[in-house]
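The values are calculated or read from the model by the stated rules, or taken from the named source; none is laboratory data. As the structure is a computational prediction, the values presented were derived from the model and not from experiment. Cβ placement follows ideal geometry from the backbone for every residue including glycine, while neighbour counts extend to all protein chains displayed.
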Amino acid sequence: MEISALTRSVVKRNHAVIAPDGYVNSNVPGWTDCTVNVLINEQMGARLCQTLVTLRAGGQLRGRTEAAQIFFYVVSGQLQAEVGGEARTLRADQYVYAPIGTDYLFTEPTEGTQVLTFHKVYEPLPGHATPGVYFGERDLSKAPIFMNDEALRIQELLPNEPGFDMAVNIFTYDIGGHLPMVETHIMEHGLLYLQGQAIYMLDHEWYPVKKGDAIWMGPYCQQWATAMGKEPSVYIYYKNVNRFPT
Ligand code: UGY
Ligand code: MN
């Protein structure tokens with residue numbers, strides 16, 4: 001029998017690991033017939049918000065982005081999306097980016113559809129237009145190798161243009177793959193493991209992680225990871241980019 005007083009989740013000053021065993025639902029206005037788990041938020045010191053929404057059949061997400069842009073990624077299942085007047089069916093591993101001031105509506109989910117969201121308050125850049133609505137999908141063939149290491153591949157899901165102040169990438173580590181160095185950087189990350197297992201080092205503490213786990217890395221949180229187990233490990237992650245450091 002599992003002991004309910006134990007968890008792999010930790011929340012520290014500059015990083016967190018959130019495993020599904022401790023989820024407690026939040027009610028979000030306009031998001032109905034679903035459970036919403038706010039995995040990362042400014043309440044913990046972060047400058048992004050990351051949620052995981054699980055919809056029942058008949059559930060819907062209706063709203064309008066205000067100061068924060070929202071990136072929606074279908075982790076499993078499918079649903080109908082209408083974002084900024086553009087309608088599409090979104091299946092697992094497809095996504096849509098809703099810039100600030102955009103109406104969105106997601107309906108007709110299959111039972112249990114899971115949607116991951118990243119929210120960031122948009123910082124306009126003079127001389128560059130605010131990005132438009134952007135749809136896309138996960139595609140390993142569009143993922144170049146990372147730092148000359150054949151075991152590591154990163155797909156950038158949003159255009160790498162100055163108008164965007166956030167990136168969302170999918171990072172695939174083949175078996176035996178690991179970050180080539182301990183990264184120490186100002187940019188922040190929120191991530192969700194989509195596949196496999198890994199060991200993550202965060203500020204010199206070591207965490208076994210797996211599919212379904214979320215991680216927050218604050219600015220300058222030192223980070224290193226290696227794939228573990230018999231299949232590649234894959235995560236989707238957020239990063240703030242393209243703005244002058246204040
Ligand atoms: O983009 C990044 O900073 C990425 N290489 N970091 C990470 O996966 N922890
Ligand atoms: Mn990094």
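The table below gives the values:
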{"item": "Residue within region 210-223 that is loosely packed, with under 15 Cβ neighbours inside 10 Å, within 16 Å of ligand 2 (Cβ to nearest atom) and modelled with pLDDT of 95 or more present", "result": "yes"}
{"item": "Flag if residue 69 is in contact with a Phe, Trp or Tyr (Cβ under 8 Å, 6 or more places away or on another chain) and either within 24 Å of residue 131 (Cα to Cα) or modelled with pLDDT under 95 (or both)", "result": "yes"}
{"item": "Sole residue being crowded, with 21+ Cβ neighbours inside 10 Å, under 22 Å from residue 144 (Cβ atoms) and away from ligand 2 (no atom under 15 Å from the Cβ), chosen from 198, 227", "result": "227"}
{"item": "Residue in region 86-107 that is nearest to the chain's Cα centre (by Cα), counting only those that are assigned to a loop (DSSP other than H, G, I, E, B) and without any contact (Cβ under 8 Å) to a residue 40 or more places away in the chain", "result": "92"}
{"item": "Selected residue (only one of 218, 112 is within 24 Å of residue 38 (Cβ to Cβ), among the small types (Gly, Ala, Ser) and more than 18 Å from the chain's Cα centre (by Cα))", "result": "112"}
{"item": "Test result for residue 82, without any contact (Cβ under 8 Å) to a residue 40 or more places away in the chain and over 21 Å from residue 155 (Cβ atoms)", "result": "yes"}
{"item": "Region 177-205 - residue that is hydrophobic (A, V, I, L, M, F, W, C) and in a strand (DSSP E or B) and, of those, nearest to ligand 1 (Cβ to nearest atom)", "result": "191"}
{"item": "Candidate set from region 159-171 (those that are away from ligand 1 (no atom under 11 Å from the Cβ) and either assigned to a strand (DSSP E or B) or surrounded by 18 or more Cβ atoms within 10 Å (Cβ to Cβ) (or both)); member that is nearest to the chain's Cα centre (by Cα)", "result": "166"}
{"item": "Counted residues, region 131-152 - those being over 21 Å from the mean Cα position of the chain (by Cα) and either surrounded by 14 or more Cβ atoms within 10 Å (Cβ to Cβ) or in a loop (DSSP other than H, G, I, E, B) (or both)", "result": "4"}
{"item": "Meets criteria (in contact with an Asp or Glu (Cβ under 8 Å, 6 or more places away or on another chain), acidic (Asp, Glu) and touching a residue at least 12 places away in the same chain (Cβ under 8 Å)) for residue 183", "result": "no"}
{"item": "Hits in region 122-178 (condition: within 19 Å of residue 195 (Cα to Cα) and of a type in the set (Ser, Thr, Tyr))", "result": "141, 172, 173"}
{"item": "Matching residues, region 228-246, being within 12 Å of ligand 1 (Cβ to nearest atom) and assigned to a strand (DSSP E or B)", "result": "233, 234, 235, 236, 237, 238, 239, 240"}
{"item": "From the options 123, 111, residue that is touching a residue at least 60 places away in the same chain (Cβ under 8 Å), among the charged types (D, E, K, R) and exposed (fewer than 15 other Cβ atoms within 10 Å of the Cβ)", "result": "123"}
{"item": "Residue ID - nearest to ligand 2 (Cβ to nearest atom), chosen from residues in region 178-195 that are within 12 Å of residue 17 (Cα to Cα) and in contact with a Leu (Cβ under 8 Å, 6 or more places away or on another chain)", "result": "190"}
{"item": "Members of region 32-51 found to be buried (at least 16 other Cβ atoms within 10 Å of the Cβ) and over 26 Å from residue 130 (Cα atoms), listed by number", "result": "34, 35, 36, 37, 38, 39, 44, 45"}
